[in-house]
1. Counting only residues that are assigned to a helix (DSSP H, G or I) and of a type in the set (S, T, N, Q), which one in the range A:307-351 is farthest from the other protein chains (Cβ to nearest Cβ)?
2. Mind checking which strands (runs of 3 or more DSSP E) fall wholly inside the range B:28-137 and carry at least 2 residues that are under 24 Å from B:Asp172 (Cα atoms) and in contact with a Phe, Trp or Tyr (Cβ under 8 Å, 6 or more places away or on another chain)?
3. Conditions: (1) in a loop (DSSP other than H, G, I, E, B); (2) more than 11 Å from every other protein chain (Cβ to nearest Cβ). B:Gln146 meets all but one. Number of the miss?
4. Give the range A:295-309 a look and list any residue that's hydrophobic (A, V, I, L, M, F, W, C) and at pLDDT below 75, or say none.
5. Specify the residue that is surrounded by the fewest Cβ atoms within 10 Å (Cβ to Cβ); the eligible residues are those in the range B:91-111 that are facing chain A (nearest Cβ under 7 Å) and in contact (Cβ under 8 Å) with a residue 40 or more places away in the chain.
6. Give the range B:73-100 a look and list any residue that's closer than 30 Å to B:Ser41 by Cα and out of contact with any Gly (no Cβ under 9 Å at 6 or more places or on another chain), or say none.
7. At pLDDT 85 or above, out of contact with any His (no Cβ under 7 Å at 6 or more places or on another chain) and under 30 Å from A:Leu390 (Cα atoms) - does that describe any residue in the range A:42-53?
8. Is it the case, given these coordinates, that A:Pro286 is without any contact (Cβ under 8 Å) to a residue 12 or more places away in the chain and under 23 Å from A:Arg47 (Cα atoms)?
Amino acid sequence: MSLWKIAWRSIQQRALASTLTAVSMGLGVALVVAVLVVHTVVDRSFRRGGEGYDLIVGHKGGRLELVLNTVYYLSQPIGNIPESYRNDLLEGRVDPEILVETAIPICMGHSYRGFRVVGTVPELFEKLRYRDGQQYRFAQGENFKAENHFEGVIGATVARETRLKVGDRFKARHGVGEGAVDHAEEFTVVGILEHTGTPNDRALFVNMEGFFAIHSHASDGAGHDDEAHEQAVAGDRGEHHADDELAHDLHDHGPPSRSVTALLVCLDQSTPGITWRLEREINDGPVAQAVVPAGVIANLFEGIVGNVQLILLIMAVLIVVVAGLGVMVSIYNSMSDRRHEIAVMRALGASRLVVMLVILLESILLSLGGGLLGLLLGHGLIGALSPLILKHTGVAVGMLHFQTVELLLIPGLVILASAVGYLPALAAYRTDVARSLTSTP
Amino acid sequence: MLQLKDIKKSFTQPDGTELPILDIAEFNVAPAEQMVLVGRSGGGKTTLLHVIAGISRPDAGKVRIDDWEITLFSEAECDRFRAERIGYVFQTFNLLPGFSALENVLLAMRFTRGRPDKARARQLLERVGLGHRTTHKPTMLSVGEQQRVAVARALANQPKLLLADEPTANVDSGHQQQVLDLIRQTCAEEDVALVLVTHTPEVAGQFERVDHLEEINQVVTGT
């Protein structure tokens with residue numbers, strides 16, 4: 001008969017108290033599992049936003065703002081860059097040795113019912129990829145065509161929340177929030193993107209030519225000449241004030257060239273380190289800044305979201321520790337009842353160390369049993385919620401989605417159990433055999 | 001095989017004074033001898049058994065079992081020696097309630113150097129008439145059956161000395177003789193020396209050797 005079995009028998013004897021103790025430990029462990037999965041989901045969905053291209057090129061200024069604005073459609077655009085810079089990149093005028101495969105223009109400054117309207121080109125959905133190299137697909141309809149200036153496609157979340165369907169029309173609103181004004185022109189929805197789990201689910205994408213055109217007409221009302229407004233820029237220095245500043249520029253300095261908020265750049269990666277080289281060259285130049293989104297997103301994640309995750313994890317671990325203290329209290333409270341049993345074992349020849357070990361093993365069994373219960377509970381919940389998680393974040397997590405860090409739970413629980421079991425084990429160690437044997441069991 | 005020499009044992013009382021319990025100049029038991037020790041309640045009988053078993057250390061004197069002077073042993077050595085060479089039958093049986101009859105016997109084997117011998121444990125339970133109740137927990141056994149399991153447990157490791165502390169005191173009168181016969185018979189079969197403590201004259205009357213604790217213990221206590 002092993003010491004494990006002796007410890008197990010003791011647990012069985014106090015079935016109700018043991019079960020409750022293990023369940024409290026299980027809930028703590030389930031919470032840790034949940035936090036770890038939430039961490040994975042947030043991490044993946046966060047980093048996924050910047051996948052599919054190598055560089056973001058935009059107006060000089062804050063790197064983080066550029067990424068927030070371009071990748072997540074958050075915050076205000078920091079400014080625009082000339083559209084001609086796209087050709088400079090594609091035609092090798094920035095660095096003749098670097099082959100830029102694609103430079104997708106992004107124009108912002110409009111919204112529809114709270115969702116961003118993004119002016120771009122059809123190549124965005126043809127040449128860029130998302131989530132581990134997947135191609136954009138349309139749940140309904142198709143991509144907009146370059147020659148049809150007032151066509152657009154919408155993200156899955158936008159479709160769900162606005163109930164826009166293929167064939168419906170919508171008016172882009174100049175700016176975001178209060179004070180925004182609807183443009184007269186309407187865009188026709190020609191496609192609804194499949195759910196991607198990226199910020200693109202929450203945006204409407206329209207033909208960039210139409211985007212420029214509505215800018216032009218909006219500015220007509222301000223009394224500027226048509227030629228200048230045909231070349232209007234989008235989102236110059238902030239969304240809501242873009243037109244005003246544009247008008248000011250036109251008035252003072254004549255017609256500006258067309259400009260865009262950002263360019264999403266894909267490079268021929270056959271030469272190692274080429275991304276960093278082009279980034280440095282663009283940043284050294286006077287026109288624009290370039291950022292590698294992955295690096296900025298990683299910093300943002302670790303700096304802000306990562307800390308929240310850490311706090312959640314610490315709280316979850318504290319709950320496990322409190323559950324561990326519950327194990328200690330449960331075993332310690334049983335010690336007065338068990339002193340006689342311990343004395344009997346000692347009288348049968350068990351050494352002090354053996355009875356101490358039995359108590360420690362009992363603590364370990366309770367903690368590991370609770371931990372196993374917690375893992376099953378945590379992963380069962382994840383399995384049950386996985387369709388919901390996939391729908392809302394695009395991150396696929398299954399019931400068997402284990403993380404390496406979960407392996408730490410086993411030694412962690414053993415260490416915790418040994419620590420909390422020490423006090424009752426010490427009580428067992430110190431049991432006065434002769435006195436306990438003569439007392440009534 | 002058992003020799004006690006100049007054993008003294010006292011307990012410290014709450015007021016700090018020492019209460020002498022044992023003062024025994026000499027006490028011997030031969031190999032396979034069966035003897036009974038009678039005495040009044042509180043006379044130090046259980047304390048004497050604890051001292052012989054190494055559960056309590058005497059304040060002075062020597063306890064020798066076979067060639068081993070256990071009073072020189074460390075506590076851990078004493079535990080191991082007790083597990084391997086001394087059987088103990090308690091007045092209140094002291095079976096562990098969470099374990100079956102078989103497991104209670106196996107438990108005693110767990111604390112020796114050898115591996116628990118399940119076949120011997122079953123054989124012992126059969127010998128005490130409980131071969132059909134090996135999986136029963138103590139609460140499912142009658143008082144007499146519990147004491148029989150306790151006897152089987154005490155003999156599990158083939159001890160050379162069996163200490164029985166009032167083994168029939170908690171057994172109903174109908175089964176007292178049965179338990180007593182069982183202990184004496186199994187000790188005889190296994191060549192085990194028996195020191196049986198009792199305050200019942202009927203039990204004592206069945207032994208050839210009857211020692212009165214009051215006669216060998218120079219401390220006058222008890223009620």
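The values are calculated or read from the model by the stated rules, or taken from the named source; none is laboratory data. Note that the structure is a prediction, hence the values are computed from the model and not measured. For neighbour counting, all protein chains shown are included, and Cβ atoms are generated from backbone atoms with ideal geometry for every residue, glycine included.
1. Applying the first criterion (assigned to a helix (DSSP H, G or I)) to the range A:307-351 yields A:307-347.
This time we only want the ones that are of a type in the set (S, T, N, Q), so: A:307, A:309, A:330, A:333-334, A:336.
Values: A:Asn307: 48, A:Gln309: 44, A:Ser330: 16, A:Asn333: 17, A:Ser334: 12, A:Ser336: 16 Å.
Residue satisfying both the conditions and the ranking: A:Asn307.
2. Values: elements: B:34-38, B:60-65, B:86-89.
It comes to B:34-38.
3. Result: B:Gln146 passes all but (1).
4. Within the range A:295-309, the subset hydrophobic (A, V, I, L, M, F, W, C) is A:296-298, A:300-301, A:304-305, A:308.
If the condition is that a residue be hydrophobic (A, V, I, L, M, F, W, C) and at pLDDT below 75, then A:Ile304, A:Val305 are the ones that fit.
5. Quick first cut of the range B:91-111, residues facing chain A (nearest Cβ under 7 Å) only: B:92, B:94, B:96-99, B:103, B:106-108, B:110-111.
Still in the running and in contact (Cβ under 8 Å) with a residue 40 or more places away in the chain: B:92, B:94, B:96-97, B:106-108.
Numbers: B:Thr92: 18, B:Asn94: 23, B:Leu96: 22, B:Pro97: 12, B:Leu106: 21, B:Leu107: 25, B:Ala108: 28.
The selected residue is B:Pro97.
6. Result: B:Arg85, B:Gly87, B:Tyr88, B:Val89, B:Phe90, B:Gln91, B:Thr92, B:Phe93, B:Asn94, B:Leu95, B:Leu96, B:Pro97.
7. Taking the range A:42-53 first, the residues at pLDDT 85 or above are A:53.
After this cut, where a residue has to be out of contact with any His (no Cβ under 7 Å at 6 or more places or on another chain) as well, the list is A:53.
Restricting the remaining residues to those that are under 30 Å from A:Leu390 (Cα atoms) gives A:53.
Scanning the range A:42-53 turns up at least one residue that is at pLDDT 85 or above, out of contact with any His (no Cβ under 7 Å at 6 or more places or on another chain) and under 30 Å from A:Leu390 (Cα atoms).
8. Numbers: without any contact (Cβ under 8 Å) to a residue 12 or more places away in the chain: yes; under 23 Å from A:Arg47 (Cα atoms): no.
Against the criterion (without any contact (Cβ under 8 Å) to a residue 12 or more places away in the chain and under 23 Å from A:Arg47 (Cα atoms)), A:Pro286 does not qualify.
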